[in-house]
1. Residues being touching a helix residue (DSSP H, G or I) at 6+ places or on another chain (Cβ under 9 Å) and either part of a helix (DSSP H, G or I) or farther than 24 Å from residue 31 by Cβ (or both): count how many of those fall in region 110-130.
2. Among the residues of region 65-95, count how many are more than 21 Å from residue 109 (Cα to Cα) and either in contact with a helix residue (DSSP H, G or I) (Cβ under 7 Å, 6 or more places away or on another chain) or modelled with pLDDT of 95 or more (or both).
3. Of the conditions (1) outside any strand (DSSP E or B); (2) modelled with pLDDT of 95 or more; (3) buried (at least 19 other Cβ atoms within 10 Å of the Cβ), residue 18 satisfies every one except a single condition; which number is it?
4. Is it true that residue 140 is modelled with pLDDT under 95 and either part of a loop (DSSP other than H, G, I, E, B) or in contact with a strand residue (DSSP E or B) (Cβ under 6 Å, 6 or more places away or on another chain) (or both)?
5. Looking at region 152-172, can you tell me whether even one residue there is at pLDDT 85 or above and buried (at least 24 other Cβ atoms within 10 Å of the Cβ)?
6. Considering only region 26-57, how many residues are touching a strand residue (DSSP E or B) at 6+ places or on another chain (Cβ under 9 Å), touching a residue at least 24 places away in the same chain (Cβ under 8 Å), in a loop (DSSP other than H, G, I, E, B) and more than 19 Å from residue 123 (Cα to Cα)?
């Protein structure tokens with residue numbers, strides 16, 4: 001799959017912001033980020049603080065990744081898309097940050113693709129981006145999605161591929177159509193507008209989930 005992405009280079013010239021904090025699920029950040037880079041994108045890790053943030057493998061500590069920019073330094077206008085990995089600690093920390101909430105809102109207002117994994121929609125719920133949209137997520141946050149105004153779908157009802165391929169596919173297509181690789185959060189229609197903006201997407205793998 002990686003060789004195919006390198007050959008296609010579908011994201012050449014694109015800059016992707018990966019918004020993460022301590023407690024991110026390591027595989028959910030590392031594998032999609034590698035796939036995005038293999039497809040030609042420039043990937044930058046944006047976080048709450050400088051230095052290196054700690055990942056996890058389920059409940060166990062995992063390796064660290066270097067933070068490219070903090071939220072104070074990162075400008076949403078400099079990026080073509082946003083990716084929020086999962087883990088149950090990472091999005092819980094991000095959703096408590098007003099800067100993180102404002103960061104994701106800026107992508108939505110600009111009509112840029114937003115992709116999440118696992119518990120990632122927690123941040124979108126706190127940023128009030130789920131109202132009137134349909135999505136899937138880790139089943140444990142179903143109630144949070146519904147209470148935030150979203151329509152939650154069981155991930156088992158969607159045919160999905162590996163998370164990394166889904167992320168690359170959705171960002172490169174930049175369309176509102178459904179695909180086999182991930183399930184869309186359908187954009188809400190704003191009052192007075194003729195057509196909705198670009199969708200947010202949440203991907204879920206049929207393989208063993210990483211999040212507990």
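The values are calculated or read from the model by the stated rules, or taken from the named source; none is laboratory data. Since the structure is predicted, the reported quantities are computational estimates derived from the model, not experimental observations. Methodologically, a virtual Cβ is constructed for each residue, glycine included, from the backbone with ideal geometry; neighbour enumeration extends over all protein chains shown.
1. Residues flagged as touching a helix residue (DSSP H, G or I) at 6+ places or on another chain (Cβ under 9 Å) and either part of a helix (DSSP H, G or I) or farther than 24 Å from residue 31 by Cβ (or both) within region 110-130 amount to 11.
2. Let us first name the residues in region 65-95 that are more than 21 Å from residue 109 (Cα to Cα), namely 65-69, 86-90, 92-93.
Then keep just the ones that are either in contact with a helix residue (DSSP H, G or I) (Cβ under 7 Å, 6 or more places away or on another chain) or modelled with pLDDT of 95 or more (or both); that gives 65-69, 86-87, 90, 92-93.
Summing the residues that are more than 21 Å from residue 109 (Cα to Cα) and either in contact with a helix residue (DSSP H, G or I) (Cβ under 7 Å, 6 or more places away or on another chain) or modelled with pLDDT of 95 or more (or both) in region 65-95 gives 10.
3. It is condition (1) that residue 18 fails.
4. Working: modelled with pLDDT under 95: yes; either part of a loop (DSSP other than H, G, I, E, B) or in contact with a strand residue (DSSP E or B) (Cβ under 6 Å, 6 or more places away or on another chain) (or both): no.
Here the answer is no, as residue 140 does not meet what is asked.
5. No, region 152-172 has no match at all.
6. 1
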